[in-house]
Every structure is written in C-alpha cells, then in structure tokens.
Amino acid sequence: MITERVIDELNKKLSGKIKNLFRKNDRRLYVDIDKKDIVESARILYQEFKARFSIATGLDTFKGIEILYHFSLDRQGGIFISLRVLIEDKNNPEIESLSGLFKASEWIEREIYEMLGVNFKGHPELKRLLLADDWPEGKYPLRKDFVSEKGLPENE
C-alpha cells in the first residue's frame, strides 16, 4: 500500500521536478515530469528508492507522444511508480535514453523508437528490433496517423 511516507519522500527527492502526482489506487502512483528531468528522476528512483525498472510504455496521444517509465518498489510490497513524460513535438520526438542507468531499458527504447518514432538520445544501438528490414522509413505503426498499405488507418 502506498504510504504517505513514500509520497513525502517522492515530493522531497524529486522536488521541483514533479508537475503532477496522481494516486490511482493503493499500489499505483503516477508522477508527471518534464522530459528534461527523466534521467535524474529515474536515477533517484533506482538508486535512492531502490526501485526496480520494470518496463516503459509509449503511446500516441492527441497532446503528443507519452512515455511511461514503470518502477516497482519491491521492498514495499510491489508498489508501482510510473514516471510519465509527454513529448509534445511529434515531428521530432526525442528524449534522453535511460540506458546509461540500466541496460534493461535498451530493448524497450528500441521498440518505442521503431513503433512510435521516438529518438532516445545517447542510446548505444538505436536500431530496429521488431519490424522487417525493408519497413518504410518514417512509418510508425503505433502512431495515430499511421496508414496501412490499403489506405486505411491500421486500427479500422
């Protein structure tokens, strides 16, 4: 269960970085931060809170590309803290890579790169992971504006 102590510590350690903090339920907390603060915020969760990086997810929203970095506080009963970052510039979506903090982020950053077109600056090997080698450059299958070869949005 998320305690007030965890929230107080987050507010203290991420002071000035938190744009919004939302408790979804007893085990899930969302923390909105600016993209410039992602590496430092992830470092604080990883090193100071001893949180385990679980995965990142990316999605195309009407406001921009949103990336959620999910961390688990295993020692506190599996509380999940998700750092949420909105990248507003869909024409040039980029953010610092977390691969310098933990190698585990490399593959998911590659997946988000090829599916949503996000450039992870500082990634050691940002290349395709899932799509065919002949997949057209600049076509991102999880983007809202993606059109299939049939001329229809892929989700129709």
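Considering the range 1-29, the residues that are touching a Phe, Trp or Tyr at 6+ places or on another chain (Cβ under 9 Å) and in a helix (DSSP H, G or I) include one that is nearest to E40 (Cα to Cα), namely K13. Within the span defined as the range 80-88, one or more residues are in contact with a Phe, Trp or Tyr (Cβ under 8 Å, 6 or more places away or on another chain) and among the β-branched types (V, I, T).
Checked against the criterion of being at pLDDT 95 or above, touching a helix residue (DSSP H, G or I) at 6+ places or on another chain (Cβ under 7 Å) and basic (K, R), the range 35-48 contains not a single residue that satisfies it. Tell me, yes or no, whether the range 125-148 has at least one residue that is β-branched (V, I, T), under 18 Å from the mean Cα position of the chain (by Cα) and at negative phi. No; the residues of the range 125-148 include none that is β-branched (V, I, T), under 18 Å from the mean Cα position of the chain (by Cα) and at negative phi. Is there a residue being over 19 Å from L86 (Cα atoms) and open to solvent by less than 50 Å² (accessible area, probe 1.4 Å) anywhere in the range 10-26? Yes, the conditions are met somewhere in the range 10-26. Please tell me if T3 is open to solvent by less than 60 Å² (accessible area, probe 1.4 Å), within 28 Å of L142 (Cα to Cα) and of a type outside the set (G, A, S). No, not satisfied.
The values are calculated or read from the model by the stated rules, or taken from the named source; none is laboratory data. Since this is a predicted model, take the numbers as computed values, not measurements. Cβ coordinates were reconstructed from backbone atoms using ideal geometry, including for glycine residues, and neighbour counts include every protein chain displayed. Accessible surface is based on the protein model in full, side chains and every heavy atom, while ligands, DNA and RNA are left aside. Shrake-Rupley method; radii C 1.70, N 1.55, O 1.52, S 1.80 Å.
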